[in-house]
Amino acid sequence: MLLEPEPPTPNLRWILENSETDDWIFPDLFDYIHMRAMGPCFSDIRTVLRKSYDYLSPGGWIEFHDGSWVEATSADGTYTGSALEKFFSNIREGGRRTGRDLAKAKHMRDYLVAAGYVDVTEHVYCIPLSGWPADPRLRKIGFFC
C-alpha cells in the first residue's frame, strides 16, 4: 500500500522505516539529513544519531530543529506557580513514565559530539508562546507559535 503520493521529481523517493529500531540499508550515503521535532519520538535519539553518522557522505551535514517543548520560563516570574507550569510538569512526568525525555534537545550537542560529529554548532532561542512580547520580532514569532 502506497502511503505517500508519487514523488514529484525523479531524484526523490519515499522510504518508510523505523530509524531507531530498523537497520539502515540505504543504497547510498546522504549529503544532508534533516530532523525537526523528532527528539521525543525516539526512546534513544543517540541510536539514530550514530546511524545517521554512518550514512552521511564525507562532508555531509545533519541538522536538527528541536526544542525542550516542556520547559517554559517567563521574564517576569509569572510562570512560577502557574497552571502552565503545572501542565508542563505533568507532561514531563508522563513522558518520563513512558520512557521519553521530552527535554532531551538540551543534550543534543553532547549526543552529536559523542556520535563522532565535528564542528557542531548549537543555536538556542527563547520562543514566546503568544503575541504578547513588546519586541515586534518576538511578537511575530509568538503569534505564529
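The values are calculated or read from the model by the stated rules, or taken from the named source; none is laboratory data. Treat the numbers as computed from the prediction; the structure is a model and nothing was measured. Note that we place each Cβ from the backbone using ideal geometry, even for glycine, and neighbour counts take in every protein chain shown. What goes into the accessible areas is simple: the full protein's heavy atoms, side chains included, and nothing from ligands, DNA or RNA. Shrake-Rupley method; radii C 1.70, N 1.55, O 1.52, S 1.80 Å.
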Could you please find all residues in the range 48-67 being polar (S, T, N, Q) and open to solvent by 30 Å² or more (accessible area, probe 1.4 Å)? none
Conditions first: (1) closer than 30 Å to GLY94 by Cβ; (2) touching a Phe, Trp or Tyr at 6+ places or on another chain (Cβ under 9 Å); (3) at pLDDT 90 or above. THR47 passes all but one, so which condition is the exception? (2)
Residue count for the range 6-20, restricted to those that are without any contact (Cβ under 8 Å) to a residue 12 or more places away in the chain and either of a type in the set (Ser, Thr, Tyr) or in contact with a Gly (Cβ under 6 Å, 6 or more places away or on another chain) (or both): 1
Quick count over the range 86-115, residues being of a type in the set (Ser, Thr, Tyr) and at pLDDT 90 or above, is 2
Is there a residue in the range 97-107 that is assigned to a loop (DSSP other than H, G, I, E, B), open to solvent by 80 Å² or more (accessible area, probe 1.4 Å) and over 23 Å from PHE143 (Cα atoms)? yes
Hey, could you check the range 123-145 for residues that are over 20 Å from HIS65 (Cβ atoms) and in a loop (DSSP other than H, G, I, E, B) and say which is most open to solvent (accessible area, probe 1.4 Å)? TRP132
Hey, any hits in the range 110-122 for a residue that's open to solvent by 100 Å² or more (accessible area, probe 1.4 Å), part of a strand (DSSP E or B), out of contact with any Lys or Arg (no Cβ under 6 Å at 6 or more places or on another chain) and not charged (D, E, K, R)? no
